[in-house]
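The values are calculated or read from the model by the stated rules, or taken from the named source; none is laboratory data. Worth saying up front: this structure is predicted, and the values here are computed from it rather than measured. So basically every Cβ, Gly included, is an ideal-geometry build from the backbone, and we count neighbours across all protein chains shown.
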Amino acid sequence: MAKFFGTNGIRGVFGEDFTLEFVHDMTLAIGTYFGKGPVLIGYDGRESSPVICKVVSSALNSIGIDCNVAGLVPTPCLEYAVKSLGYSGGLMITASHNPPKYNGIKPCAKDGVEISREDELVVEDIYLQKKWLKKPASWGITGTENTAIENYLEGIISHIDSKLIESKHFKVVLDLGNGAQAVTAPNFCELLGCQTFLVNPKIDGTFPGRGSEPTPQNLSELSKTVRENNADLGIAFDGDGDRSIFCDNNGDILTGDKSALALTQHILKKNPNSLVVTCLNSGSNIEVLAKQYDSQVIRTKVGSVEVSRKMVPTDALIGFEENGGYMYGKHNQVRDGCMTLALMLDLLAYSGKPLSDYISDLPPSFTTKDKVPCSAEMVSTLISSLKEEFPNSDTSDGIKITIDPKNWVMIRPSGTEPIVRVYAEAESKEKLDTLMSEYLKKVSSIISR
């Protein structure tokens, strides 16, 4: 089990468990794992990110590794630049959707994809044993990388029918969430001739607008702006810009599962006989949809690293998580909010009908999720108690209790917060509400014993 890496990189409360001393030593371990430079560094808009960047770059230089700083960029922009510009690895300073007091480090390998779970353990071992590279014959040098954003946007546009999209003159509402996509998504829409309306556009590490994580509960301003401007769609990004939640033309917020189904159908129509990778907690309709296009679905544990690292060796075309993380293999096998927006615009341009109509034609799905506070010590008690009650359940990642393919509940510990997440799918809205209520009570009861 990893000690420092969670579901997505290393995160902690800045100044408490995520100190500059910790950052320095962990960077030495990551630099030793990379073995050589140059390494690309980027960061999100959190207040502590610039000073952490200085510590990261100087730590790499101290073991003879050159690095370039891309500055404030979305995580997928940094990852794409690592792959396309020939870096030995990348370090993204971000705590993604966590509250403002957090920050973190997310390393990616030279292929532009987050390092594997196995390699996370290698990094941790180097850190714990302090087996980093010895003092070099010459110090490394820190420079700047000024082409990352331009390179990223060009890469995205190469995968869509930009001329067709331009001809539609779409109206798009961008809820930038005071986060990192503010430096890329508006420019991207401008390049495609879209009329844009911005919500929470100012980068601010305290995330004053609606918080750093887009959820159905905090996107009322996005819905309202879509309706007021008769927009074709709305999209909300998380703090580091790799996840995206959509709003249709009626102002209705779509679940990550729902938008993923729409995008996957659009892509598989053009690319049948493909491979889709998704997590255990995604809805069951993806198998139904894939079968229509002679395609296959592989399920993994929860986490973008699990999906990304399964996509690479299998050459999967599509990967996604239910939380709005969507991955398009032809671009990069990582979650990418701006690439996902591009694919949705491509879908609208080709379909010629409103997003709400496109969504209503998909197989109906009823999914939801919630969370319950739970200490790390209580997690094993909770899972083992549920396993006793439901002995035939899947315990490869928390526990997934399947009543039948259309009705299930999954409970697993968060890799980033002291909570357990509860996911559910049911064949109707009424059954979903009943199922979720029953299991939230059950989980809370076990935890409070």
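Which one of these is without any contact (Cβ under 8 Å) to a residue 60 or more places away in the chain, touching a Gly at 6+ places or on another chain (Cβ under 7 Å), among the hydroxyl-bearing types (Ser, Thr, Tyr) and over 18 Å from Leu341 (Cβ atoms): Ser84, Ser138, Ser88?
None of the other options fit; the residue is Ser88.
Inspect segment 128-135 for any residue being touching a helix residue (DSSP H, G or I) at 6+ places or on another chain (Cβ under 7 Å), surrounded by 14 or more Cβ atoms within 10 Å (Cβ to Cβ) and part of a loop (DSSP other than H, G, I, E, B) and give the result as yes or no.
yes
In segment 332-369, what residues are buried (at least 24 other Cβ atoms within 10 Å of the Cβ) and either among the charged types (D, E, K, R) or assigned to a loop (DSSP other than H, G, I, E, B) (or both)?
Gln333, Val334, Arg335, Asp336
As an exercise: evaluate Lys353 against (1) free of Cβ contacts under 8 Å to residues at least 40 places away in the same chain; (2) of a type outside the set (Asp, Glu); (3) not assigned by TED's automatic domain parsing to the domain that holds Lys171 and give the number of the one condition it does not meet.
(3)
Answer yes if at least one residue in segment 235-253 is under 22 Å from Asp336 (Cβ atoms) and surrounded by fewer than 24 Cβ atoms within 10 Å (Cβ to Cβ), and no otherwise.
From segment 235-253, those under 22 Å from Asp336 (Cβ atoms) are 235-248, 253; that's our starting set.
Now restrict to residues that are surrounded by fewer than 24 Cβ atoms within 10 Å (Cβ to Cβ): 253.
Yes, segment 235-253 contains at least one residue that is under 22 Å from Asp336 (Cβ atoms) and surrounded by fewer than 24 Cβ atoms within 10 Å (Cβ to Cβ).
Being crowded, with 20+ Cβ neighbours inside 10 Å, under 25 Å from Gly234 (Cα atoms) and more than 14 Å from the chain's Cα centre (by Cα) is the requirement here; does Thr300 meet it? Before the answer, list the steps.
Numbers: crowded, with 20+ Cβ neighbours inside 10 Å: yes; under 25 Å from Gly234 (Cα atoms): no; more than 14 Å from the chain's Cα centre (by Cα): yes.
So Thr300 does not fit the description; no.
Any residue in segment 180-199 that is closer than 19 Å to Asn230 by Cβ sitting within a Cβ distance under 8 Å of a residue that is part of a helix (DSSP H, G or I) and of a type in the set (D, E, K, R)? List the pairs, counting only those 6 or more apart or interchain.
As it stands, the answer is Leu192/Glu166; Gly193/Glu166; Thr196/Glu190; Val199/Glu221, since those pairs meet every condition given.
Check Phe4, Phe22 and return the single one that is touching a residue at least 60 places away in the same chain (Cβ under 8 Å) and either in contact with a Phe, Trp or Tyr (Cβ under 6 Å, 6 or more places away or on another chain) or surrounded by fewer than 24 Cβ atoms within 10 Å (Cβ to Cβ) (or both). Walk me through how you get there before you give the answer.
Working: Phe22 fails: touching a residue at least 60 places away in the same chain (Cβ under 8 Å).
The match here is Phe4.
Determine if segment 104-124 includes at least one residue that is aliphatic (A, V, I, L, M) and within 25 Å of Phe197 (Cβ to Cβ). Walk me through how you get there before you give the answer.
Start the filter on segment 104-124 by keeping residues that are aliphatic (A, V, I, L, M), which leaves 105, 109, 113, 115, 121-123.
When the remaining residues are screened for being within 25 Å of Phe197 (Cβ to Cβ), the result is none.
The answer is no, given that none of the residues of segment 104-124 is aliphatic (A, V, I, L, M) and within 25 Å of Phe197 (Cβ to Cβ).
Might you let me know whether segment 87-95 holds any residue that is in a loop (DSSP other than H, G, I, E, B), under 28 Å from Thr32 (Cα atoms), at pLDDT 95 or above and polar (S, T, N, Q)?
Looking for residues that are in a loop (DSSP other than H, G, I, E, B), under 28 Å from Thr32 (Cα atoms), at pLDDT 95 or above and polar (S, T, N, Q), one finds at least one in segment 87-95, hence yes.
Here's the yes/no breakdown for (1) crowded, with 19+ Cβ neighbours inside 10 Å; (2) under 22 Å from Phe14 (Cα atoms); (3) among the β-branched types (Val, Ile, Thr); (4) at pLDDT 95 or above:
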| site | (1), (2), (3), (4) |
| --- | --- |
| Leu198 | no, no, no, yes |
| Asp204 | no, yes, no, yes |
| Pro208 | no, yes, no, yes |
| Pro216 | no, no, no, no |
| Leu219 | yes, no, no, yes |
| Leu222 | yes, no, no, yes |
| Asn230 | no, no, no, yes |
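Condition check: touching a residue at least 40 places away in the same chain (Cβ under 8 Å), buried (at least 22 other Cβ atoms within 10 Å of the Cβ), not assigned by TED's automatic domain parsing to the domain that holds Met92 and not acidic (Asp, Glu). Does Ile286 satisfy that?
On the way: touching a residue at least 40 places away in the same chain (Cβ under 8 Å): no; buried (at least 22 other Cβ atoms within 10 Å of the Cβ): yes; not assigned by TED's automatic domain parsing to the domain that holds Met92: yes; not acidic (Asp, Glu): yes.
So Ile286 fails the test.
Only one residue in Glu322, Glu430 is surrounded by fewer than 18 Cβ atoms within 10 Å (Cβ to Cβ) and among the charged types (D, E, K, R). Which one? So that I can check it myself, show each step before the final result.
Numbers: Glu322 fails: surrounded by fewer than 18 Cβ atoms within 10 Å (Cβ to Cβ).
Exactly one of Glu322, Glu430 is surrounded by fewer than 18 Cβ atoms within 10 Å (Cβ to Cβ) and among the charged types (D, E, K, R), namely Glu430.
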